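Coordinate-derived values only; no laboratory data. Fair warning: this is a prediction, and the values are worked out from it, not measured in the lab. Quick reminder, even Gly has a Cβ in these numbers, built from the backbone with ideal geometry, and neighbours come from all protein chains shown.
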Amino acid sequence: MKILVAVKRVVDYNVRIRVRADGSGVETSGVKMSMNPFDEIALEEAVRLKEKGIATEVVVVSIGADVVQEVLRTGLALGADRAIHVATESEIQPLAAAKILSAIVAREQPKLIFLGKQAIDDDCNQTGQMLAGLLGVGQGTFASKLVIENDGANPLPPVGAGEGNYILVTREVDGGHVTVRLPLPAVVTSDLRLNEPRYPNLPSIMKAKSKPLAKISAEELGVDITPRIRTLKVEEPKKRVGGIKVDSVAALVEKLRSEAKVI
Ligand code: AMP
């Protein structure tokens with residue numbers, strides 16, 4: 001079973017986000033960038049499935065300028081077998097990312113397509129859902145547990161010895177957990193509690209340098225990646241002011257009336 005994992009290069013989660021002076025977006029120059037944390041979790045799960053003998057190959061893919069090769073090398077150090085860089089200098093919005101990924105899925109034919117539930121730069125939380133829609137396959141979003149099921153009684157043709165035909169995805173939803181059963185191929189997006197990703201060690205970082213990394217241009221895939229959303233302005237949120245304690249209910253009501261103007 002081949003697994004494709006989409007990994008995005010984003011501002012590191014430890015960095016305090018700053019808005020560019022001209023309000024055109026978030027400052028990324030001179031800022032530490034890393035693999036999106038949810039994508040690390042997705043990749044860790046894929047690598048664990050390989051270590052258990054369920055997956056046969058783990059392929060990482062990233063879309064963007066040449067710098068995204070850094071996160072692909074990290075992905076290879078974390079256990080992926082090979083990497084695909086879809087090169088473009090254009091802004092890639094979720095629909096464009098989903099179209100590019102669906103073209104890669106058509107070429108690679110993975111049984112499981114793994115993404116993060118959201119990229120922490122724009123917090124869109126859209127790409128996985130759009131990708132499943134474009135591919136016409138099932139989706140298990142916000143996954144906190146995965147079980148590949150080897151169901152001999154299912155009506156689908158077997159996908160190969162030792163491979164499951166269905167995946168059980170436990171999803172984190174507002175009211176608790178919900179488990180869905182999806183035929184493979186399927187799209188799964190990872191939530192925070194799925195696993196705790198490993199750190200790459202020195203030997204695996206060295207080994208990653210010689211693993212295959214293929215580069216393909218977004219144009220070659222023949223998909224329309226024109227941005228559909230125009231950002232008018234990005235602003236810092238208003239600074240929060242500290243709270244105060246009031247002595248009585250009457251004082252609280254008075255403040256709600258005169259300052260907060262909610263009653
Ligand atoms: P989003 O819908 O932007 O919150 O992104 C959700 C997920 O889609 C991410 O966690 C990645 O797995 C994948 N993704 C989005 N953009 C890219 C990209 N440029 N390269 C690779 N994967 C991406």
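Choose one answer from Val19, Val86, Val249: the residue with the largest mean-square fluctuation in a GNM of the chain with alpha-carbon springs under 10 Å. Comparing Val19, Val86, Val249 in a Gaussian network model of the chain, the most mobile one is Val249.
Dividing the radius of gyration of the alpha carbons in the range 1-78 by their Kirkwood radius gives 1.08 for Rg/Rh.
Counting neighbouring Cβ atoms within 10 Å and putting the fewest first, the residues Thr170, Thr127 line up as Thr170, Thr127.
Using per-residue counts of other Cβ atoms within 10 Å, averaged over each peptide, order 134-142, 174-182, 76-84 from highest down.
Working: 134-142: 18.6, 174-182: 11.1, 76-84: 21.8.
My ranking of the peptides, most packed first, is 76-84, 134-142, 174-182.
With 23 Å as the limit, write out which pairs from Lys50/Lys209; Lys233/Lys261; Lys50/Lys111; Lys32/Lys209; Lys145/Lys209; Lys99/Lys233 have Cα-Cα distances beyond it, or answer none. Check vs 23 Å cut-off fails for Lys233/Lys261; Lys145/Lys209; Lys99/Lys233.
Report the relative contact order of the chain, percent, no decimals, based on alpha-carbon pairs under 8 angstrom and at least 6 residues apart.
Values: 512 pairs, mean separation 62.7, N = 263.
Relative contact order comes out at 24 percent.
To make sure I understand, if each residue's beta carbon is the centre and we count other beta carbons within 10 Å, what order do Ile17, Ile225 fall in, fewest to most?
Values: Ile17 14, Ile225 20.
Neighbour counts put them in this order, fewest first: Ile17, Ile225.
Based on DSSP H segments of at least four residues, each scored -39500 (n - 2.57), the chain has a per-residue ellipticity at 222 nm of -7500 deg cm²/dmol.
Largest mean-square fluctuation among Lys245, Lys145, Lys233, in a Gaussian network model of the chain whose springs join Cα atoms under 10 Å apart, belongs to Lys245.
Computed over the chain, the alpha-carbon pair-distance distribution with 10 angstrom bins reads 7, 27, 31, 19, 9, 6, 3, 0, each value a whole percent.
Under 10 Å, Cα contacts only: if you run a Gaussian network model on the chain, which one of Lys239, Lys215, Lys207 comes out with the highest mean-square fluctuation? Result: Lys239 has the largest fluctuation of those listed. The H on the amide N of Leu213, modeled in the peptide plane, is under 5 Å from the matching H of Ala83, each at least 5 residues off or on a different chain.
If you take the C-alpha gyration tensor of the range 169-219, multiply each eigenvalue by 5 and take the square root, what semi-axes do you get, largest first, in whole Å? Mind showing how you got there, number by number?
On the way: eigenvalues 208, 76, 21 Å².
Listed largest to smallest, the semi-axes of the range 169-219 are 32, 20, 10 Å.
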